[in-house]
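Beneath this line is the structure, given in structure tokens, with notes to follow.
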Amino acid sequence: MVICKIQYIRNLIQGEVLLKRISLLPKSIITRVYLLITIIITVPMIFFSIYWANETKHILLLEKEKQLFTIANLLITRFPDSFDEIIEKHDALHLSDDEKRLLINSILQPIVAEVSAGWPDYYMGYYSCNLGRVALAPTTELFGQKKIAPGVLKAYQSRHPEVFILEDAVTRNGGSVLTIIFPLLDNGEITGHIWVNSNLQEIFILYYRQLSERFLLSLLIWLCLMLLARYFFYQLRISFMQILLSGKENPEQLTQFKVLIPVADAFFSLQKRERELEELKSNLEILVDKKVTELTKTKQQLADVIESISDGFYTLDSNWNFTYANKAFEQMLGIDRENLLGTQPGDYCPPNPAIKEVFSKAMKERLPQQWEGYSQKYNKWIGLTIYPNNADGGLTVYCKDIDQRKKAEQELARLDMLNLIGQIAAGISHEIRNPMTTVKGFLQSMQKKSRNEKEIEIFQLMIDELDRANGIITEFLSAAKIKKTEKKLNTLASILFSIKPLIDANILEEGHNIRYEVEPEQVQLQVDEKEIKQLILNLVRNGVEAMESKGLLTIAIHPGSSGTTLLVSDRGKGIPAEILDKIGTPFFTTKESGTGLGLSTCYGIASRHNAIINCATSPQGTTFSIYFNYPQY
């Protein structure tokens, strides 16, 4: 017996669990039934309650209005012809307004008091346009007051009685009153009016009481209907539980709801199908979780790779707004990534027609594009690779710093040019110099023998030109690394100060100023003293020629942890951006009398000393920096 009870309780609990898992009627249907009861029955009752209460209030107001007309007619029938007739009849034209008001009050106040005695809940009185309130009851506190309500003016204009509700009535301590105004006419002119009003508080109280009663009745009916619906669903639930507890294919326990027997038959087959679907769902969830984990891991790996690369990477949507930027691009712009998203590239970079054309072409044609150019803002070469992003119609941009590559290409080109110069110089330098020496000797001999001053000048000009040509060949040989380099341990400062008098004289002669910023050097360099002197003098000469009068040239030496930097700065107009890449190219010059070999020689000397030359220029001047590495022992 006990075991049967335990089994029954277990089945009951299982049935409750099944009912919670598989509801006979979805909650949405039950909610809709409750909502229909509320809308179809309760809401109309509420509207009818409001309608009945308003009708009751309207009927009461009409009764009040009839009573107001009755009282006003009593006052009109007992009123003399006019206020002026009363004053003339009592020979009171010479009296003051207060005396006239008291005279009229002595005649009209008994009439108002008599009428008011029969209607104690109504306020009434006579009003004169000239004298104000001349008689009123049941209170006389406002005797003589001339203030009138807005509805009075409407009665004066229409010359007919007007009924209106007056809010904040003075005679009712701020309450609402129903008021009637009867204009008083004398020979077609309005001389005043009769007024009667009644408090509306009782009507409003009755109105709200009826409205509340009907609301409560509607609420009670709604609650009863809700309880009936809930009882119906409860019985339906109990009957369906009998099906679950029976466990038979054709249950006979349903007595009140036999129509549910086919539903019970279908339930068990659906239950079996449900278990199959649950198993499939579980397997699918495991598979989805596995794929999501793999995709998340792959996405994170990809994000880590993009974040770890040293080149810039960012994406744009179809409206040219940033949607992503990696850490390298964030550092390149110097702007926080969170502030960057949602903005456009044009907000941070100056407009460049070439870049804009490449981006527009990639966006329009949906084909990868490439661009390389020199950035004035970052003072370096930048390479862009633009890929169309078909997912959102935007672009994916790979931004690479190619400054070192470009400099390497330029250096290779310069070395190729120097190599070519060296080959040419090696072949023709002696062949040119030998005839030039012979010609110069004959010219000097002829110059000494000549007695004609004009011929002497011509001979001297020819000799000077031969010397100039010999100097060009000397620079040519220096740039071509034909001379043997003899390196010894020395410091840049000692080499600089050995030629300081020569530099100072040149600066003074050109009308400029010079400043030396030399820090003590702790480590000596392996250098060729003659070549370093030539390097410094060439850079000084270029700086002097770049400045106008009274310019300032600065020569600085800054030792570091791994090398020493030599700086030569001028205050000229700077080097134009379009020719900056050509600086140091043999035979390239912007001077009318230049050979284009001065800076080329400097680059050759730096190359032979494993030094690096950098050039920084702006409209305020140009600085050449040469970095010499310390010797390795």
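The values are calculated or read from the model by the stated rules, or taken from the named source; none is laboratory data. As the structure is a computational prediction, the values presented were derived from the model and not from experiment. Note that we place each Cβ from the backbone using ideal geometry, even for glycine, and neighbour counts take in every protein chain shown. Surface areas here come from the heavy atoms of the whole protein model, side chains and all, with no ligands, DNA or RNA. Shrake-Rupley method; radii C 1.70, N 1.55, O 1.52, S 1.80 Å.
I want the local charge near Pro559. Using Cβ-Cβ distances under 13 Å, sum +1 for each Lys or Arg and -1 for each Asp or Glu among the other residues. Each step should come with its number before you reach the end.
On the way: positive: none; negative: Glu517, Glu519, Glu521.
Counting the neighbours of Pro559, the net charge comes to -3.
Take the solvent-accessible surface of the protein heavy atoms, probe 1.4 Å, and return the percent of it on the range 483-557 that carbon and sulfur atoms account for.
Numbers: 2080 of 4140 Å².
Roughly 50 percent of what the probe reaches on the range 483-557 is carbon or sulfur.
Using a 1.4 Å probe, what is the accessible area per residue for the range 92-135, in Å²? Write down the numbers at each step before the final one.
Numbers: 1990 Å² over 44 residues.
With the other protein chains kept in place, the range 92-135 gives 45 Å² per residue.
Nearest 0.05, what FRET efficiency do Glu65 and Tyr374 give at R0 = 60 Å with Cβ-Cβ as r?
Numbers: r = 95 Å, r/R0 = 1.58.
Once the sixth-power term is evaluated, E becomes 0.05.
Quick check on packing: order 598-609, 360-371 by the mean number of other C-beta atoms within 10 Å, highest mean leading. Don't skip to the end; give the middle numbers.
Details: 598-609: 22.2, 360-371: 14.1.
Answer by packing, highest mean first, reads 598-609, 360-371.
Extending each Cα 7 Å along its Cβ direction at Ser561 and Val305, get the distance between those two points in nm, one decimal.
3.4
Return the sequence-ordered ³J(HN,Hα) values of the range 106-122 in whole Hz as given by the Karplus equation 6.51 cos²θ - 1.76 cosθ + 1.60 applied to θ = phi - 60°, using x for Gly and Pro.
Residue by residue, the range 106-122 yields 5, 8, 8, 4, x, 5, 5, 5, 5, 5, 5, 5, x, 9, x, 8, 10 Hz.
Suppose each label sits 7 Å from its Cα in the direction of the beta carbon; what would the Ser282-Lys361 distance come out to in nanometres?
Between Ser282 and Lys361, the simple spin-label model gives 6.0 nm.
What accessible area, in Å² to the nearest ten, does a 1.4 Å probe give for Ser128?
Spelled out: Ser128, probe radius 1.4 Å, area about 10 Å².
Quick one: with all protein chains in place, what share of the accessible area of the range 315-359 is carbon or sulfur, to the nearest percent (1.4 Å probe)?
Details: 1400 of 2670 Å².
Result for the range 315-359: 52 percent of the exposed heavy-atom area is carbon or sulfur.
Just to confirm a number: summing +1 for Lys and Arg and -1 for Asp and Glu over residues other than Lys57 whose beta-carbon lies under 15 angstrom from that of Lys57, what do you get?
Net local charge, Lys57 excluded: -2.
Counting Lys and Arg as +1 and Asp and Glu as -1, each charge on the Cβ, what is the dipole of the range 128-167 about the Cα centre in debye, to the nearest 20? Write down the numbers at each step before the final one.
Values: 5 positive and 3 negative charges, 35 e Å.
The dipole magnitude comes to about 160 debye.
Looking at the range 73-223, I'd like the Rg to Rh ratio, where Rg is from alpha-carbon atoms and Rh is Kirkwood's inverse mean 1/r. Intermediate values should be presented prior to the final figure.
Working: Rg = 19.3 Å, Rh = 17.1 Å.
That ratio equals 1.13.
Where does the charge balance sit around Asp97 when Lys and Arg score +1, Asp and Glu -1, over other residues with C-beta under 14 Å from its C-beta?
On the way: positive: Lys100, Arg101, Arg133, Lys146; negative: Asp84, Asp98, Glu99.
Taking every other residue near Asp97 into account, the sum is +1.
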